[in-house]
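Trainee: Could you have a look at this structure, given as structure tokens, before my questions?
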Amino acid sequence: WLGLEWDEGVGKGGPHGSYRQSDRLDHYADLARGLVDSGHAYYDDRSAAELDELRNRAQQEGKHPGHYIRRPDVERTEGVIRVSIPNDGPVEFTDLIRGHLSFAPADIDDFVILRSNGVPTYHLASTVDDVEYEVTHVARGEDILPSTPKHILLTRALEATEPVYAHLPLLFGTDGKKLSKRHGATALSEYRDAGFLADAMFNYLAILGWAPDGETTIFDRDRAVAEFDLVDVSRNPAAFDPDKLAWMNGEYIRSMDESVFADMVRPIVESELGRPLDAGEWDTFRSVAPLVQERTKLLPEAGTQVVFLFDDFDTYDAESWDKVMTKDGVAQVLDAGLEAVEAVDPWSVETVEAALRAIPERLGIGAGKTFQPLRVAVTGSSVSPPLFESIAALGRERTLERLRRASAELATQS
RNA sequence: GGUCCCGUCGUCCAGAGGCCUAGGACGCCGGCCUUUCAAGCCGGAAACGCCGGUUCGAAUCCGGUCGGGACUGCCA
């Protein structure tokens, strides 16, 4: 959806055979056993209780939990396979984003690479894949920064050269909690379904942790691709701000070509209506679409703004009615509107406007007092697209019906 | 508890010793425009966590401190 393409992998193929880890289970297991043979790893069949005890002891002594979980004196021949951490100096590497990093061997666990059921852990599978697929740069979340020394050690044990790492800052929700597929996740598809544009989503995501310069907020994919560099990525975590995303989406909607916008909104209107638009209705819609385009942030809003043109609304918006239609003089305004609309000739935005603009003068009241009741009568709400255009698009007969309906409604209430 | 990462407006991003009385964006507040809602335009409030040090000069370098976060499993 976002137009992010990969060069090789599942569904795309490539020179490295299957890219599906489930197809390679035996291979990972073979490599794990090979690491035992070469002395980099060992079998461990100690019980969970035994390991817990070692962890507790380490914690009580102010050491990290894995401190005492090391290669047992007596060699085992079954159980999980662990990598034993070599005690020959710190593991150092330069992260593209964070700079030089160093981890002491004592702080790195003897970690499991093959479970007792023969299934590899993430550490093994992903490291082996990176090596065998000849991955040069690993860009991933900062949450696995602590695992990176393990992956480097594994890579060296596999007699390969480690890739360049870049650990990106995490994304937080507005609640300040980490955003991930396991916690507080909102699927990307939900944003698409909510009416966000892929280009806006792409731009917003890009701005989280990076900017082309100090001034620019809106930029397209080409510019991002041309100017983005991992070393420029921010080191601090970013909070996902739905308001800014919505604003940005509005910016993209407004910059769309009118006809593209109309085409995109059509299915939304039709689903709102529960039926397809006929040719005449489509023309009507296209005539008002630019007006709607200016005032929508999310695509579905465009649909709700415009349905009154095609189907009669069931009820008036209660708040609008109370605010506008319960005032004195509304009945006269509706009558005047009826009269004016009947007399419009020929029918156009300009003639409708001229006819209605004459009303406030004639009745000696303000423009707002005239147009708001008409708006509620015609559209069902005090919030709508511009009035004259709306009436022109609605047509004379339907406008007259709506005005009569509002008068009747008013009579009922008094 | 331990290891590591991070610390500029409420939020996102600029700022890589003097150009900073700290800039842009969202949001917020006020105004203009206006028949509504938007959009647009103008203006405003709003931050270098704190303490030391280096330096003629620090948001930028160093140390400490405080605060936030991640990790700490036969999860990934």
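The values are calculated or read from the model by the stated rules, or taken from the named source; none is laboratory data. Values in this document were obtained by computation on a predicted structure and should not be read as measured data. For neighbour counting, all protein chains shown are included, and Cβ atoms are generated from backbone atoms with ideal geometry for every residue, glycine included.
Trainee: Could we say that A:Asp213 is farther than 27 Å from A:Ile144 by Cα and at pLDDT 95 or above here?
Mentor: So A:Asp213 fails the test.
Trainee: Starting from the stretch A:330-348, keep only residues that are under 15 Å from A:Glu409 (Cα atoms) and touching a residue at least 24 places away in the same chain (Cβ under 8 Å), then list their pairs with residues that are assigned to a loop (DSSP other than H, G, I, E, B) and acidic (Asp, Glu) whose Cβ atoms are within a distance under 9 Å, requiring at least 6 positions of separation or different chains.
Mentor: none
Trainee: What residue, of A:Gly395, A:Gly380, is within 41 Å of the chain's Cα centre (by Cα), within 26 Å of A:Glu301 (Cβ to Cβ) and more than 16 Å from RNA strand B (Cβ to nearest atom)?
Mentor: Matching residue, one of A:Gly395, A:Gly380: A:Gly395.
Trainee: Of a type in the set (Lys, Arg), more than 20 Å from the chain's Cα centre (by Cα), part of a loop (DSSP other than H, G, I, E, B) and more than 9 Å from RNA strand B (Cβ to nearest atom) - does that describe any residue in the stretch A:264-286?
Mentor: Yes: the stretch A:264-286 contains one or more residues that are of a type in the set (Lys, Arg), more than 20 Å from the chain's Cα centre (by Cα), part of a loop (DSSP other than H, G, I, E, B) and more than 9 Å from RNA strand B (Cβ to nearest atom).
Trainee: Going by the structure shown, is A:Ile85 under 19 Å from A:Ser38 (Cα atoms), among the β-branched types (Val, Ile, Thr), more than 12 Å from RNA strand B (Cβ to nearest atom) and in contact with a Lys or Arg (Cβ under 9 Å, 6 or more places away or on another chain)?
Mentor: The answer is yes for A:Ile85.
Trainee: Before we move on, is A:Ser126 under 20 Å from A:Thr148 (Cβ atoms), surrounded by 13 or more Cβ atoms within 10 Å (Cβ to Cβ) and more than 8 Å from RNA strand B (Cβ to nearest atom)?
Mentor: no
Trainee: Just to check your reading of the model, which residue among A:Glu50, A:Glu75, A:Glu61 is within 26 Å of A:Asp30 (Cα to Cα) and either surrounded by fewer than 14 Cβ atoms within 10 Å (Cβ to Cβ) or modelled with pLDDT of 95 or more (or both)?
Mentor: Every option except A:Glu75 fails the conditions.
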